[in-house]
Amino acid sequence: MTDVATPTPGTRALVLGGGGVAGIAWEVGVLSALQDAGVDLDAADLVVGSSAGSVVGAFVRGGGIASAYEQQHAPVPSTYVEPERIGGEDFQQRLAAVLAGATSEQDARARLGAVAQQVVTGQTDDERTATFSETLPSPEWPEKPLGVTTIDAVDGTFKVLTATTGVPLPRAVAASCSVPFVWSPVRIDGVPHIDGGLRSATNADVAAGHERVLIVACGPEGPSPLGPWLDLAVESLRAGGSSVEVVVADSGAQHAFGDNSLSLSTQAPAATEGRRQGEAVAEAIAAFWA
């Protein structure tokens with residue numbers, strides 16, 4: 001886990017977790033409600049996104065939350081191709097089989113990366129990168145700090161890609177969204193990378209060193225051999241002196257996600273539930289953020 005740093009007074013971080021197509025829609029709904037309530041999300045000193053959260057993070061930094069919310073209800077043409085569905089229980093069983101015997105968090109991630117490299121079906125990494133080039137507000141990194149999490153599929157190293165790493169933003173986001181068992185890894189400088197949300201769906205520990213941390217998570221996280229899950233990260237952040245608020249998708253949102261969070265059919269209902277939930281917490285979050 002990232003070393004806990006003494007928070008710098010006045011600093012804020014926005015952490016956006018993974019959750020597939022449904023997660024993007026739900027988070028956009030939550031954030032659109034917060035923005036309408038006067039919460040200046042782009043004022044964050046750091047925005048860090050994992051998987052779906054990397055897409056939403058680019059929306060935040062690109063000023064695209066409002067338009068993204070509208071597009072959840074009236075999607076624009078896209079080259080995105082829905083992958084073959086893998087049930088949640090099946091995914092967890094496959095994951096458990098791969099991770100059995102892992103000697104460390106990094107070893108567990110490397111084992112997962114090795115299996116992910118065996119996937120050769122579906123859209124290529126270049127095709128998925130092109131899709132994100134169409135989806136994001138801009139193919140260029142924003143001027144304000146944005147972190148995109150991913151995992152080296154060869155040695156299991158966890159990485160936070162930024163504008164300074166030299167990776168094009170659409171490729172960084174494609175790598176962060178490369179779900180094992182579903183898509184092939186995304187190559188960065190020739191090295192395959194997989195979904196950063198597998199270390200933790202939120203990777204909230206990356207926000208260490210910020211006085212206030214707002215975490216938007218598409219669901220609760222349980223203990224994991226891959227990295228610090230949400231409750232552990234929040235505990236560590238607070239122990240280090242950070243104030244933390246967490247918005248987690250509630251039962252209504254989870255119902256809207258359905259049994260296939262990668263399906264485009266989840267966009268409108270998940271966005272609507274996100275908007276509802278965002279409106280419910282807007283006053284409290286506005287006070288916290290200010």
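So the check is Cβ under 6 Å with 6+ separation or different chains; which pairs have a first residue in the range 73-86 that's farther than 14 Å from Ser261 by Cβ and in contact (Cβ under 8 Å) with a residue 40 or more places away in the chain and a second one that's surrounded by 12 or more Cβ atoms within 10 Å (Cβ to Cβ) and small (Gly, Ala, Ser)?
His73/Ala268
Residues that are in contact with a strand residue (DSSP E or B) (Cβ under 8 Å, 6 or more places away or on another chain) and either open to solvent by less than 20 Å² (accessible area, probe 1.4 Å) or of a type outside the set (Gly, Ala, Ser) (or both), at least 1 per element: which helices (runs of 4 or more DSSP H) completely within the range 1-97 meet that? Before the answer, list the steps.
Details: elements: 20-36, 52-61, 65-73.
Counting at least 1 such residues, we get 20-36, 52-61.
Check the range 255-263 and report whether any residue there is more than 21 Å from Ala22 (Cβ to Cβ) and under 16 Å from the mean Cα position of the chain (by Cα). Can you show your working first?
First, pick out the residues of the range 255-263 that are more than 21 Å from Ala22 (Cβ to Cβ): none.
The answer is no; no qualifying residue exists.
Restricting to strands (runs of 3 or more DSSP E) lying wholly in the range 100-216: which have 3 or more residues that are open to solvent by less than 30 Å² (accessible area, probe 1.4 Å) and under 22 Å from Leu16 (Cα atoms)? Steps first, please.
On the way: elements: 146-152, 158-161, 186-188, 191-195.
Passing ranges, in order: 146-152, 191-195.
Name the residues in the range 244-289 that are in contact (Cβ under 8 Å) with a residue 60 or more places away in the chain and in a loop (DSSP other than H, G, I, E, B), would you?
Passing the criteria: Ala249, Gly258, Asp259, Asn260, Ser261, Leu262, Ser263.
Any idea how many residues of the range 203-246 are closer than 18 Å to Pro180 by Cβ and touching a strand residue (DSSP E or B) at 6+ places or on another chain (Cβ under 6 Å)?
Within the range 203-246, residues that are closer than 18 Å to Pro180 by Cβ and touching a strand residue (DSSP E or B) at 6+ places or on another chain (Cβ under 6 Å) number 1.
Report yes if Ala33 is touching an Asp or Glu at 6+ places or on another chain (Cβ under 6 Å) and among the small types (Gly, Ala, Ser), otherwise no.
Yes; evaluated as a whole, the condition is true for this residue.
Taking Ala130 as the residue in question, decide whether it is among the aliphatic types (A, V, I, L, M), free of Cβ contacts under 8 Å to residues at least 60 places away in the same chain, closer than 26 Å to Pro228 by Cβ and out of contact with any Pro (no Cβ under 6 Å at 6 or more places or on another chain). Spell out the reasoning first.
On the way: among the aliphatic types (A, V, I, L, M): yes; free of Cβ contacts under 8 Å to residues at least 60 places away in the same chain: yes; closer than 26 Å to Pro228 by Cβ: no; out of contact with any Pro (no Cβ under 6 Å at 6 or more places or on another chain): yes.
No.
Step by step: first the residues of the range 87-137, then only those that are β-branched (Val, Ile, Thr) and under 22 Å from the mean Cα position of the chain (by Cα), then the one that is nearest to Gly53 (Cα to Cα). Which residue is that?
Filtering the range 87-137 down to residues β-branched (Val, Ile, Thr) leaves 98, 103, 115, 119-121, 124, 129, 131, 135.
From what is left, the residues that are under 22 Å from the mean Cα position of the chain (by Cα) are 115, 119, 124, 129, 131, 135.
Details: Val115: 24, Val119: 23, Thr124: 21, Thr129: 16, Thr131: 16, Thr135: 14 Å.
Among those that are β-branched (Val, Ile, Thr) and under 22 Å from the mean Cα position of the chain (by Cα), it is Thr135.
Can you confirm whether Val216 is touching a Leu at 6+ places or on another chain (Cβ under 7 Å) and within 24 Å of Pro7 (Cβ to Cβ)? If you could, list the steps in order and put the result at the bottom.
Details: touching a Leu at 6+ places or on another chain (Cβ under 7 Å): yes; within 24 Å of Pro7 (Cβ to Cβ): yes.
Taking the combined requirement at face value, the residue satisfies it.
Filter the range 182-200 down to residues that are of a type in the set (A, V, I, L, M, F, W, C) and touching a strand residue (DSSP E or B) at 6+ places or on another chain (Cβ under 8 Å) and give me whichever is nearest to Gly227 (Cα to Cα). Please lay out each step first, then the result.
Of all residues in the range 182-200, those of a type in the set (A, V, I, L, M, F, W, C) come to 182-183, 186, 188, 191, 194, 198.
Now restrict to residues that are touching a strand residue (DSSP E or B) at 6+ places or on another chain (Cβ under 8 Å): 186, 188, 191, 194, 198.
Numbers: Val186: 21, Ile188: 22, Val191: 21, Ile194: 14, Leu198: 8 Å.
Among those residues, the one meeting the criterion is Leu198.
The values are calculated or read from the model by the stated rules, or taken from the named source; none is laboratory data. Since we're looking at a predicted model, the values are computed, not measured. Backbone-built Cβ (ideal geometry, glycine too); neighbour counts: all protein chains shown. Accessible surface areas use protein heavy atoms only, side chains included; no ligands, DNA or RNA. Shrake-Rupley method; radii C 1.70, N 1.55, O 1.52, S 1.80 Å.
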